[in-house]
Amino acid sequence: MKIVMLSGGSGKRLWPMSNDSRSKQFLRVLDDEEGQSISMLQRNWRLLSELGLSKDAYICASRAQREVIEAQLGDVPFIEEPTRRDTFPAIALASLYLADEVGCSDDEPVVVLPIDPMVDDAYFRSVIRLPQVLEESHCHLALMGVEPTEPTSKYGYVRVSGSKNENWHLADGFTEKPDEVLAKQLIADGALWNCGVFCFRLGYLRQFLMAGGYPSNFHELNESFATVRKASFDYEVVEK
């Protein structure tokens, strides 16, 4: 299993502390066990390391963020986006990098997750289980959902159609940022918040790119990256 951590952000959530060149994941607003100020980036990389996952983890980010990432973490595996796009181009680029530059096989499971959630190690222990869910479910994609705590329009919702076992559900559809009335109904029906965590095998995504007329090797995609449709992975892949 390979892990790709997406580092994006426009710096608007915690403005003026954050800005276009310093997104919230880089702000040292947390304390570690020794009382030292750390960022969400540093905290999550430490959690990965403690579970033995950082050796198979890569950070995918734009060139503008590379300096601050390396300043906080040191020399870590890095996949550089030629320009800032959305999550679909970024995940496509990272996947082809793993296939063509790292040499991973089509059967390699890849988990993609945002770099900046405020989570504990239980979150990453769930991440570890996602390749097993792919195997058990015989599906192309596995997602991570969380039980909603309130009806809100800030998140997307994954509708589920039932459970095969205690570990996973089959997804029935998606509703992106509904109003409060619809959110209440979705929660009553058992829908989950979409965490933006995806698991798939490399061969699946390469086939998706080929079928869509996108470049299916790393160097071609890297060269034409600025022309790739700017869309989220949810809209371009998952919801289809």
> Taking segment 187-209 on its own, how many of its residues are crowded, with 18+ Cβ neighbours inside 10 Å and not in a helix (DSSP H, G or I)?
Replying inline: 11
> Only one residue in 121, 86, 116 is open to solvent by less than 60 Å² (accessible area, probe 1.4 Å), at pLDDT below 90 and not hydrophobic (A, V, I, L, M, F, W, C), so which one is that?
Replying inline: 116
> Which pairs have Cβ atoms under 6 Å, sit 6 or more apart or on different chains, and link a residue in segment 203-229 that is closer than 21 Å to residue 109 by Cα to one that is in a loop (DSSP other than H, G, I, E, B) and open to solvent by 70 Å² or more (accessible area, probe 1.4 Å)?
Replying inline: 203/106; 204/140
>> Suppose we filter 81, 50 for residues that are open to solvent by 30 Å² or more (accessible area, probe 1.4 Å) and either touching a residue at least 24 places away in the same chain (Cβ under 8 Å) or out of contact with any Gly (no Cβ under 9 Å at 6 or more places or on another chain) (or both); which single one remains?
In response: 50
> Given the residues 181, 160, 197, which is the only one that is touching an Asp or Glu at 6+ places or on another chain (Cβ under 7 Å) and closer than 25 Å to residue 150 by Cβ?
Replying inline: 160
> Quick check: is even one residue across segment 210-229 farther than 26 Å from residue 116 by Cα, part of a loop (DSSP other than H, G, I, E, B), of a type in the set (Phe, Trp, Tyr) and open to solvent by 40 Å² or more (accessible area, probe 1.4 Å)?
Replying inline: yes
> Which members of segment 124-133 meet the condition of being surrounded by 20 or more Cβ atoms within 10 Å (Cβ to Cβ) and either over 14 Å from the mean Cα position of the chain (by Cα) or at positive phi (or both)?
Replying inline: 133
> For segment 89-110, how many residues meet the condition of being of a type outside the set (Val, Ile, Thr), more than 14 Å from the chain's Cα centre (by Cα) and open to solvent by 10 Å² or more (accessible area, probe 1.4 Å)?
Replying inline: 10
>> Being at pLDDT 85 or above and touching a Ser or Thr at 6+ places or on another chain (Cβ under 7 Å) is the filter here; which residues of segment 18-49 pass it?
In response: 45, 48
> Does any residue in segment 118-137 that is closer than 16 Å to residue 4 by Cβ come within less than 9 Å, Cβ to Cβ, of a residue that is part of a loop (DSSP other than H, G, I, E, B) and open to solvent by 70 Å² or more (accessible area, probe 1.4 Å) six or more places away or on a different chain, and which pairs are these?
Replying inline: 134/140
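The values are calculated or read from the model by the stated rules, or taken from the named source; none is laboratory data. Not measured: the values here are computed from a predicted model. Virtual Cβ from ideal backbone geometry, glycine too; neighbours counted across all protein chains shown. These accessible areas exclude ligands, DNA and RNA; they are computed on the full protein's heavy atoms, side chains included. Shrake-Rupley method; radii C 1.70, N 1.55, O 1.52, S 1.80 Å.
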